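The values are calculated or read from the model by the stated rules, or taken from the named source; none is laboratory data. In this text, all values refer to a predicted model and were calculated from it rather than measured experimentally. Note that we place each Cβ from the backbone using ideal geometry, even for glycine, and neighbour counts take in every protein chain shown. SASA here: full protein model, heavy atoms, side chains in, ligands and nucleic acids out. Shrake-Rupley method; radii C 1.70, N 1.55, O 1.52, S 1.80 Å.
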Amino acid sequence: MNKRILVAPLNWGIGHATRCIPIINWLLGSNFTPIIASDGDALQLLKKEFPQLEFIALHAFNIKYQEKGKNLDFKLFTQIPHILKTFIAERRRIKFIVNNYNIDGIISDCRFGIYSKKVPSVIITHQLNVLSGKLSFFSSKLNQLQLKKFNQVWVPDFKNDPNLSGRLGHLSKQTKLKIIYLGALSRLNKTETKTKYSIMVLLSGPEPQRSLLENKLVKELQYFKGSVLFVKGKIEAKPTKTITGNFTVCNFMTSKNLEKAINSSKLIICRSGYTTVMDLAKLEKKAFFIPTPGQFEQEYLAKRFNDLQIAPFCNQKDFNLNKLNKIDAFSGLNMEPTFPNIEALFSLF
């Protein structure tokens with residue numbers, strides 16, 4: 001009988017879910033049976049990608065964001081009681097799932113409550129250090145204490161330079177954590193495709209910032225004369241597509257269509273979320289990043305790639321079409337693909 005492995009991505013945008021897609025495919029190809037557990041858009045997206053699998057609903061954290069990112073750290077601090085309450089509920093839920101669904105192993109993507117002492121438990125994260133402004137030292141230490149509860153930590157990045165995550169995914173001091181670097185995780189593959197779109201807008205992330213950026217970009221790009229593909233990143237019952245002049249708008253795309261669309265686009269305008277970064281690096285694309293206001297991780301990544309002359313960025317409120325004029329001075333994302341030893345990786349289970 002195939003071993004049953006619980007795969008549980010965090011529902012924070014859809015990035016954690018999409019980067020679990022290659023993991024799920026590796027499990028299927030290695031004669032494991034993946035059981036998917038999540039909530040919200042992350043759960044819905046994976047249901048569309050793997051309709052044949054078994055799914056379990058988890059408690060939603062429902063972290064709320066404000067329109068201005070300036071005090072995001074304080075806003076998150078005020079939600080700690082709610083987060084802790086959900087974490088406790090998640091701990092109860094995972095005990096029930098392990099006992100009642102015959103789970104043989106756990107792969108959690110940034111859900112810190114999804115682990116068990118009864119079965120081998122892995123966590124996927126690119127944040128060994130958690131940037132939180134003035135509190136970065138303490139948030140990183142707290143994060144590393146939580147990571148110790150897992151048998152292994154899988155980091156979707158390269159161990160040595162050049163790498164994608166910088167100091168987010170690399171510790172400066174030795175640690176007792178069992179860290180395994182997977183290389184860049186992406187569900188997409190590079191193909192030689194004729195350029196169809198001058199600009200592709202790829203939106204993602206939590207509200208209200210997703211909608212605020214959507215409105216900003218629609219307003220600015222109405223004056224652009226080239227072809228534009230605008231993917232809203234809204235997971236709904238069915239994919240929709242409307243074409244008005246040079247503007248093509250989709251609510252969301254499944255992996256196959258998204259892969260084709262990015263490959264056929266000259267420039268990608270998007271958040272500097274880490275999963276998006278990995279996708280664009282694998283497809284060797286030029287990007288313009290607009291980090292989510294107040295998200296220190298995205299701001300760090302955007303500035304890092306700008307400083308490395310890989311991709312330019314600007315703050316959300318400052319974006320206009322003229323910002324794109326400097327794109328030719330940047331090299332674009334490009335990383336040699338690597339693949340872990342799948343048999344060794346899953347030997348824990």
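Observations, loosely collected:
- Taken together, 173, 141, 196 contain a single residue that is open to solvent by 80 Å² or more (accessible area, probe 1.4 Å) and touching a residue at least 24 places away in the same chain (Cβ under 8 Å), which is 196.
- Residue match in segment 120-139 (condition: closer than 19 Å to residue 174 by Cβ and not in a loop (DSSP other than H, G, I, E, B)): yes
- Segment 305-320, residues that are surrounded by fewer than 13 Cβ atoms within 10 Å (Cβ to Cβ) and touching a Phe, Trp or Tyr at 6+ places or on another chain (Cβ under 7 Å): 309
Table: residues versus (1) under 20 Å from residue 337 (Cβ atoms); (2) not in a loop (DSSP other than H, G, I, E, B).
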site	(1), (2)
170	yes, no
217	no, yes
243	no, yes
256	yes, yes
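- Criterion applied to 167, 111 was being crowded, with 18+ Cβ neighbours inside 10 Å and either touching a strand residue (DSSP E or B) at 6+ places or on another chain (Cβ under 7 Å) or under 23 Å from residue 276 (Cβ atoms) (or both), and the one residue passing it is 111.
- Residues in segment 282-297 that are of a type in the set (S, T, N, Q) and either on the phi > 0 side of the Ramachandran plot or touching a strand residue (DSSP E or B) at 6+ places or on another chain (Cβ under 8 Å) (or both): 0 in all.
- Yes/no for residue 98 being among the β-branched types (Val, Ile, Thr), open to solvent by 10 Å² or more (accessible area, probe 1.4 Å) and either over 23 Å from residue 185 (Cβ atoms) or touching a Leu at 6+ places or on another chain (Cβ under 6 Å) (or both): yes
- When segment 212-236 is filtered for residues that are at negative phi, surrounded by 14 or more Cβ atoms within 10 Å (Cβ to Cβ) and under 22 Å from the mean Cα position of the chain (by Cα), the ones remaining, listed by number, are 212, 213, 214, 217, 229, 230, 231, 232, 234, 235.
- Hits in segment 155-164 - residues which are over 15 Å from residue 334 (Cα atoms) and open to solvent by less than 30 Å² (accessible area, probe 1.4 Å): 155, 156
- Any chance residue 84 is part of a loop (DSSP other than H, G, I, E, B), under 23 Å from the mean Cα position of the chain (by Cα) and modelled with pLDDT under 90: no
- Take the conditions (1) closer than 23 Å to residue 91 by Cα; (2) touching a His at 6+ places or on another chain (Cβ under 9 Å); residue 169 misses just one of them, which is (1).
- Leading residue by the ranking (most open to solvent (accessible area, probe 1.4 Å)) among those in segment 275-304 that are under 20 Å from residue 321 (Cα atoms) and of a type outside the set (Lys, Arg): 293
- Within segment 277-303, the set of residues being in a helix (DSSP H, G or I) and within 27 Å of residue 191 (Cα to Cα) comprises 277, 278, 279, 280, 281, 282, 283, 301, 302.
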